[in-house]
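Data block below; observations after.
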Amino acid sequence: MNATMSQSTPTYEAHLDTADMPLDLTSPVRPVDVLFYDSGIWLVREQDRVFVPYRHVNVVREVDESPEDDTTEP
C-alpha cells in the first residue's frame, strides 16, 4: 500500500547558524519534516535527511502555505 502526502501536510522552515557547520546548508532550510531528539534535530528533506545539533538551530517553525489563508476579510 502506497502512502501519499496530503496537501494538509505542514511545511517547516529551519533557521540555522551555518557558520561552523561542515555541511553545505543554506539557511533557512525548508524540510518536509522535522524530528526532535535530545541532542538536535533531523531535517527530513525530499532528497535526504540531515542531523543538526541544537547549538546550530536558531528557530524551527511550521509554515502554512495554503492559499486560502492569504486572503483577509475587511
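Taking each residue of the range 46-59 that is closer than 14 Å to ASP33 by Cα and looking for partners that are of a type in the set (Val, Ile, Thr) with beta-carbon atoms closer than 7 Å, six or more apart or interchain, yields GLU46/VAL32; VAL52/ILE41. Of everything listed in (1) surrounded by 10 or more Cβ atoms within 10 Å (Cβ to Cβ); (2) in a strand (DSSP E or B); (3) at pLDDT below 95, the single unmet condition for GLU62 is (1). When PRO53 is tested against (1) surrounded by 10 or more Cβ atoms within 10 Å (Cβ to Cβ); (2) within 11 Å of TYR12 (Cβ to Cβ), only condition (2) is not met. Is one or more of the residues making up the range 20-30 assigned to a strand (DSSP E or B) and within 22 Å of GLU65 (Cβ to Cβ)? Scanning the range 20-30 turns up at least one residue that is assigned to a strand (DSSP E or B) and within 22 Å of GLU65 (Cβ to Cβ).
The values are calculated or read from the model by the stated rules, or taken from the named source; none is laboratory data. Predicted model only: the values in this text are computed from it and were never measured. Glycine also receives a Cβ, built like all others from the backbone with ideal geometry; neighbour counts cover every protein chain displayed.
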